[in-house]
1. For the range 94-162, what % of the accessible area comes from carbon and sulfur atoms, probe 1.4 Å?
2. Calculate one ³J(HN,Hα) per residue across the range 58-73 by plugging θ = phi - 60° into the Karplus curve 6.51 cos²θ - 1.76 cosθ + 1.60, and present them in order as whole Hz with x for glycine and proline.
3. Determine which residues of the range 127-151 fall in the zone a paramagnetic label at THR97 would reach in this model, i.e. backbone nitrogen under 16 Å from the point 7 Å along Cα→Cβ.
4. Sequence-distant or interchain residues sharing an amide H contact under 5 Å with GLY145, placed H: which?
5. Provide the gained length on full extension for the span ASP60 to VAL129, in nm with one decimal, where the gain is 0.36 nm per separating residue minus the Cα-Cα distance.
6. Working only with C-alpha atoms, what are the Rg and Dmax values of the range 50-120, expressed in angstrom?
7. At 1.4 Å probe size, with every protein chain present, just tell me what the per residue accessible area of the range 53-179 comes to in Å².
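The values are calculated or read from the model by the stated rules, or taken from the named source; none is laboratory data. Everything numeric here is computed off the predicted structure, so don't read it as measured data. All Cβ positions, glycine included, derive from the backbone under ideal geometry; neighbour counts span all protein chains shown. Just the protein is used for accessible areas: all its heavy atoms, side chains included, with ligands, DNA and RNA removed. Shrake-Rupley method; radii C 1.70, N 1.55, O 1.52, S 1.80 Å.
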Amino acid sequence: RGARTTAPRHAPFHPISDMHQLPSVLVVSFSLLSPAPRAPWRRTPPAAAAVMAEPERLVDDGGVLKRQLCAAPTGGRTPEFGAVVKILYTCGFENGTLIDAKHRAEPFQFQLNAGIVVDGLERGVESMVEGERAQFTCSPEWAYGAVEAGDLLPAESTLVYEVELLEWRGGPPGEERAMGLR
């Protein structure tokens, strides 16, 4: 007689056992919707956000703004040039959409002033002390600029990082120290 006019029936989708059938973008989004393992990383409700202090400008052009989320312990020191830092962080857009939450519970370690992370995040972490939590808003010039990553990261995106500095230690000696110039 003709082509079938009704759609075939499918078994109900089971979110855990059928994840292999989802496109990878949906799998990532599904994992971001799961509850955060650490309570401090919950998004700040809009009413509470209005109570927070004005953001601090970390660079002259205002391209990196810092808003403290959890006060720094007294007597703490900011990381030295070239220090190795360990942080927890999330990264997203100004509208609250997260694009990177894999290091929300798993610490990320890197050396400052080594070009490993975007300049805005590096400037932000340099301004922190151990135990402090802060939000950094990085204009495109201090994030990825004109670089885009498919549909995930449009060019000229302003990024918002929420960061907790867990610890830092002095890094390897800089060239000046290694050569006896300092």
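1. 46
2. Karplus-based 3J(HN,Hα) across the range 58-73 equals 8, 10, 4, 7, x, x, 10, 10, 10, 10, 6, 9, 9, 4, 6, x Hz.
3. Counting only backbone N, you get 148-151.
4. Counting only residues 5 or more places away or on other chains, the set is GLU156, SER157.
5. So the chain would gain 22.7 nm between ASP60 and VAL129.
6. 13.8, 36
7. 52
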